[in-house]
Amino acid sequence: MSTAPRFGQVRPAYAPSDQLSLRRANLSRTLGHLRIHGPRSRAAIAAGTGLHKATVSSLVDELLARRLVRETGLEYSGAAGRPGRAVALDGAGVGALGVAINVDYLGVHGTDLAGRPLVERRIPFDATRGGPDRCVAALTEVTRDALRDLEHLGATPVGVTVAVPGLVDVGRGTVVLAPNLDWHDLPLAARLTAALPTGLRVVVDNDANLAALAEHTYGVAAGSRDLVYLTGEVGVGGGVISDGRLLRGNDGFSGEVGHLPVDPGGRRCGCGRTGCWETKVGLAELVRAITPDRAYGLDPGPLRVPEERVAELHRRLVADDPVALSAVAEVGRWLGLGGAILVNLVNPRVLVLGGYFATLADWLIPAARAELDRLAVAGPAAHCRFVASDLGFTAAARGAAGVVVDRVIADPTSVGNPRSGVPRGTPARTP
């Protein structure tokens, strides 16, 4: 049974300074324990959390009333005495929605409280044309559709998190800069909040940070306390998990690894600078090297979803196309060079390759590994490896939905009201 840490090691949203705060904290503790360890009897929950058995019984009763947990049957401990009735995380009536925007697609991932996928889709969309107003309108439409889908499946949405490839002031919900989208100081959370159902909380965050949280929770590197996730998109970003926590930096802008200056004489980047790492390893550069007539910015029509682009590149690699093999090996070398910088800076255990990096990992990793070994100061002693994500292009949207789930786990009293008889999943007013 998985004991991987959940998103950010969820902590109670309130300091236990009074009885109400203490109860919220204990409800969160109980729900978080079930999330990590799976179905447990009340006695097992008490033993695992350190709470008194009578307290746990009362907490479980409230969580049952809020329909956040369910009873699953009898649990036999092997010891003498009556078996306990096991309790499991449920929350089937609670909907969490993650939405991601990138240069050429919109992604959606909706789950219930237990993380069961309910809604997932990717829609081709050229975010570089028409400006931010067109993008906000498209995000609003896609989000509304997904919210209706969750409602139809019986999961009342309690929040939306939006993943954006750029610098985000999470507290204000403002995209400070998204070079590849040409966004500057866009108050995205406020605009979406005004356009979506009243009372629905909207959070905006960096896509690589959210993808890193998803990988840390249930991806190929689940449970690793030190990892870097690298987006393999038109742009390249990085999410850093250090000692089990997301590393945000002083202003929340850490992880912009795609703009590491690696080639002063190189191509101009979308950020306005020259020779950024993403100009060497981004999907646009690989497409340009292998099929220059179909490179980004040269297509006369709408851009295709990245999976289609990458599938074509994959077919050429499988066929041992010399042009494709040479181009991917060159990208791999630059990937290893940037990876060595990250290893020298933060000493991660794992470099997780997302997006197209993951799809083409069999061809990218050998060259990247050789360059990493050559340039990392600690060499093999750093014990860092490249691994391919199995979350594909959905990692950021999955991480975004997970943040909404985390918020409910941190304060279960924010959902439902067992005394008012409101439908499950309906946000409640906190006393």
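The values are calculated or read from the model by the stated rules, or taken from the named source; none is laboratory data. This one's a predicted model, so the numbers in the text were calculated from it and none came from an experiment. Here the Cβ is made from the backbone with ideal geometry for all residues, glycine too, and neighbour counts use every protein chain on show. These accessible areas exclude ligands, DNA and RNA; they are computed on the full protein's heavy atoms, side chains included. Shrake-Rupley method; radii C 1.70, N 1.55, O 1.52, S 1.80 Å.
Here are some notes:
- Note on region 183-230: among residues that are open to solvent by 60 Å² or more (accessible area, probe 1.4 Å), in contact (Cβ under 8 Å) with a residue 40 or more places away in the chain and outside any loop (DSSP other than H, G, I, E, B), the one that is nearest to L342 (Cα to Cα) is Y218.
- Residue count for region 172-182, restricted to those that are under 22 Å from G95 (Cβ atoms) and either in a strand (DSSP E or B) or open to solvent by 20 Å² or more (accessible area, probe 1.4 Å) (or both): 0
- Pairing each residue of region 358-378 that is over 17 Å from V346 (Cα atoms) and free of Cβ contacts under 8 Å to residues at least 12 places away in the same chain with any residue that is acidic (D, E) and open to solvent by 60 Å² or more (accessible area, probe 1.4 Å), provided the two are 6+ apart or on different chains, yields no C-beta distance under 6 Å.
- Count of region 24-76 residues which are under 21 Å from D406 (Cβ atoms) and in contact (Cβ under 8 Å) with a residue 40 or more places away in the chain: 16
- The single residue among G154, G244 that is of a type outside the set (S, T, N, Q) and in contact with a His (Cβ under 9 Å, 6 or more places away or on another chain) turns out to be G244.
- For region 130-165, the tally of residues that are under 22 Å from V103 (Cβ atoms), surrounded by fewer than 23 Cβ atoms within 10 Å (Cβ to Cβ) and not polar (S, T, N, Q) stands at 11.
- Selection from region 357-371 of residues that are in contact with a Lys or Arg (Cβ under 8 Å, 6 or more places away or on another chain) and not in a helix (DSSP H, G or I): none
- Among the conditions (1) open to solvent by 20 Å² or more (accessible area, probe 1.4 Å); (2) among the charged types (D, E, K, R); (3) not in a strand (DSSP E or B), R121 misses just one, which is (3).
- So S389, is it small (G, A, S) and open to solvent by 30 Å² or more (accessible area, probe 1.4 Å): no
- Filter pass, R374 being open to solvent by 10 Å² or more (accessible area, probe 1.4 Å), part of a helix (DSSP H, G or I) and at pLDDT below 95: yes
- Across region 32-58, the qualifying residues are those that are within 21 Å of the chain's Cα centre (by Cα) and modelled with pLDDT of 90 or more, and the one among them that is most open to solvent (accessible area, probe 1.4 Å) is R35.
- Selection status of R11, in contact with a Ser or Thr (Cβ under 6 Å, 6 or more places away or on another chain), closer than 24 Å to A401 by Cα and either part of a loop (DSSP other than H, G, I, E, B) or at pLDDT 95 or above (or both): no
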